[in-house]
1. Taking only the range 1-19 into account, find how many residues are open to solvent by 80 Å² or more (accessible area, probe 1.4 Å), assigned to a helix (DSSP H, G or I) and either within 17 Å of GLY107 (Cβ to Cβ) or modelled with pLDDT of 95 or more (or both).
2. Can you pull out the residues in the range 125-161 that are under 14 Å from LEU103 (Cα atoms), more than 9 Å from the ligand (Cβ to nearest atom) and open to solvent by 50 Å² or more (accessible area, probe 1.4 Å)?
3. Looking at the structure I just gave you, is GLY107 buried (at least 20 other Cβ atoms within 10 Å of the Cβ) and under 16 Å from the mean Cα position of the chain (by Cα)?
4. Among the numbered criteria (1) in a helix (DSSP H, G or I); (2) more than 21 Å from THR44 (Cβ to Cβ), which one does MET114 miss?
5. When you check THR123 against the structure, is it hydroxyl-bearing (Ser, Thr, Tyr), in a strand (DSSP E or B) and more than 20 Å from ALA189 (Cβ to Cβ), yes or no?
6. Whether any residue in the range 28-46 is of a type in the set (Val, Ile, Thr), in a helix (DSSP H, G or I), out of contact with any Cys (no Cβ under 6 Å at 6 or more places or on another chain) and more than 30 Å from LYS176 (Cα to Cα) is what I want to check.
7. Could you check VAL50 against (1) open to solvent by 40 Å² or more (accessible area, probe 1.4 Å); (2) under 18 Å from the mean Cα position of the chain (by Cα); (3) β-branched (Val, Ile, Thr) and say which number it fails?
8. Do we find a residue being within 11 Å of the ligand (Cβ to nearest atom) and part of a strand (DSSP E or B) anywhere in the range 98-110?
Amino acid sequence: MSDELYDKLCQSVVDGEPEEAAELAQMALDQGLDPLDCINRGLTPGIDRVGELFATGDYYLPDLIIGGDAMKAALAVLEPALTQGRERQIVARVVLGTVQGDLHEIGKTLVGTMLTANGFQVTDIGVDKPASEFVAAVKDSGSTLVGASALLTTTMLHQQDVIEALKEAGLRDKVKVMVGGAPITETWADKIGADGYAEDAISAVALAKKLVSG
Ligand code: B1M
């Protein structure tokens, strides 16, 4: 039964059906399914399929947009259940954003939700943010951790800009920087002088905990 629901969630993203995706997500919660399983076994395979179809030329930009909208609609239902009942003691403050020129928000937001669920106070500055806005948010929030997301090979370079801007502002030794996003690797993180790379939202939490404790 749960497998069938995960398949339907997946298909609702492939078909770009936000309302159906949200309804299925609610149905999954009502049946007591784990929201994280709904994401990992339903929504993520769905959006990955959308990406594959786009890469092969079978899907076009509007398909990418409605696929993303369907995933966001389901996540809006699931996210409160991810953060519910967790301990609220603040582990650390973190500034999170997607770098300049990059509009991809779903993965960054999911990382933010998981960090929040694990006690981090997240200042999510949004998407398409220049390095200067990461720095300003660090100053405003007193954060000791910065997370920069990038989904495009053309925008991942701006993760380095964030690190350089922190250096110029005299903040680099006070703030750890973690990077992530589909094209990002450990090698890239090392190359630009980041403190760590996480492949997904779960490992981002583990990395964030490690970075703020050491
Ligand atoms: Co775009 N897009 N897109 N897109 N899009 C990709 C990334 C692409 C791989 C699709 C493809 O060709 N197969 C491709 C990039 C190619 C490349 O650079 N190598 C691509 C392209 C080309 C484009 C446009 C250029 C298309 C065009 O206009 N011709 C355009 C660029 C716009 C821009 O940003 N300036 C574009 C636009 C869009 C939409 C806006 C329409 C839409 C996003 C909607 C939204 O976010 N509101 C979109 C989508 C949906 C995708 C795909 C299909 C899905 C992305 C997603 O949300 N995944 C994507 C293909 C793919 O990745 N399968 C694709 C789900 C999400 C949960 O995963 O974001 O990877 P992800 O996040 C993961 C991890 O990466 C990690 O944890 C997350 C959770 O597990 N992670 C972090 C992410 N950030 C992290 C930060 C951390 C740690 C971990 O620490 C700070």
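The values are calculated or read from the model by the stated rules, or taken from the named source; none is laboratory data. None of the values given here were measured: they were computed from a predicted structure. Here Cβ is always computed from backbone atoms with ideal geometry, including for glycine, and neighbour counts include all displayed protein chains. Just the protein is used for accessible areas: all its heavy atoms, side chains included, with ligands, DNA and RNA removed. Shrake-Rupley method; radii C 1.70, N 1.55, O 1.52, S 1.80 Å.
1. Number of matching residues: 4.
2. Listed by number, the list holds a single entry, HIS158.
3. The answer is yes for GLY107.
4. (2)
5. Judged against the criteria, THR123 is a match.
6. Checked against the condition, which is being of a type in the set (Val, Ile, Thr), in a helix (DSSP H, G or I), out of contact with any Cys (no Cβ under 6 Å at 6 or more places or on another chain) and more than 30 Å from LYS176 (Cα to Cα), the range 28-46 yields no hits at all.
7. If we test VAL50 against (1) open to solvent by 40 Å² or more (accessible area, probe 1.4 Å); (2) under 18 Å from the mean Cα position of the chain (by Cα); (3) β-branched (Val, Ile, Thr), just (1) comes out false.
8. yes
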